[in-house]
Amino acid sequence: MKKIFALRLPIAVIALGLFTFSTKAQQTKVDTVKRTVVVEIDTVVKGTKQNVSPTVIVVDEQKDNLVKNQPVFYRGLLVVEGGVVYKDHVLPVLLAGEFGLARNFGLEARTWYGKNGIYEDGFLGVGLNYHFSGEDSKKPSKFDPYIGGLYGKILEGSGSAFYAQAGGRLFLFKSLGAFANLNVAIVGKSGSNLSFGLSYKIH
């Protein structure tokens, strides 16, 4: 009996030792896996942050450059104008608006009317203009020159008129500027005229 007990005791001690060693090995393995997972997660997060931040900065810089380098005339822009038309004996009041159909082309509506005693002058028409304004990557131009044609009805009598026109706008402020426009009569009895006034851009 004593021999059997003596034999079992070392076996039990060895088994306990093996169990303890196995437990510690498993714990070490679990700790290693945890550290590996944490490191991988941290690497992914850091990598994501490093990848996202420059992208956001680049996008912001591109948006800033787009605003700074916006041309003076572009598609979708609306310009409204008010002024006077210089003619003999009468000074008609003018209202006009132009919408950007494309980068260089605009559709315009223009009207003016004035009366002084027996003298009367009026017109209502639409036209198409080509804009020469270019985009400067360093400093966009504030001057918007154009040429075009204008067709419409003479208000003070019967008939219609067609004008060839040339003009320009100078924007000293972000949205407010001044314009001058020369209309040369091609068809009709209204005659040529020069108009000038203020322009306002609606972005």
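The values are calculated or read from the model by the stated rules, or taken from the named source; none is laboratory data. Keep in mind it's a predicted model, so treat the numbers as computed, not measured. Cβ atoms come from the backbone with ideal geometry, glycine included; neighbour counts cover every protein chain shown.
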Handout entry: Unique match (being surrounded by fewer than 16 Cβ atoms within 10 Å (Cβ to Cβ), in contact (Cβ under 8 Å) with a residue 60 or more places away in the chain and assigned to a strand (DSSP E or B)) among Leu107, Leu198
Key = Leu198
Exercise for the section: Could you grab me the full set of residues in region 137-150 that are closer than 17 Å to Asn193 by Cα and either hydrophobic (A, V, I, L, M, F, W, C) or buried (at least 19 other Cβ atoms within 10 Å of the Cβ) (or both)? Expected result: Tyr146, Ile147, Gly148, Leu150
Fill in the blank from the handout: So, first residue in the same structural domain as Pro92 (by TED's automatic domain parsing) in region 153-167, second residue assigned to a loop (DSSP other than H, G, I, E, B) and not small (Gly, Ala, Ser), Cβ within less than 9 Å, six or more apart or across chains; the pairs are Ile154/Lys189; Gly157/Lys189; Gly159/Lys189; Ala161/Lys189
Handout entry: Criterion (among the charged types (D, E, K, R) and either loosely packed, with under 14 Cβ neighbours inside 10 Å or assigned to a loop (DSSP other than H, G, I, E, B) (or both)) met by exactly one of Lys174, Lys153
Key = Lys174
Problem - Number of positions in region 157-171 that are surrounded by 17 or more Cβ atoms within 10 Å (Cβ to Cβ) and either outside any strand (DSSP E or B) or within 28 Å of the chain's Cα centre (by Cα) (or both) - result: 4
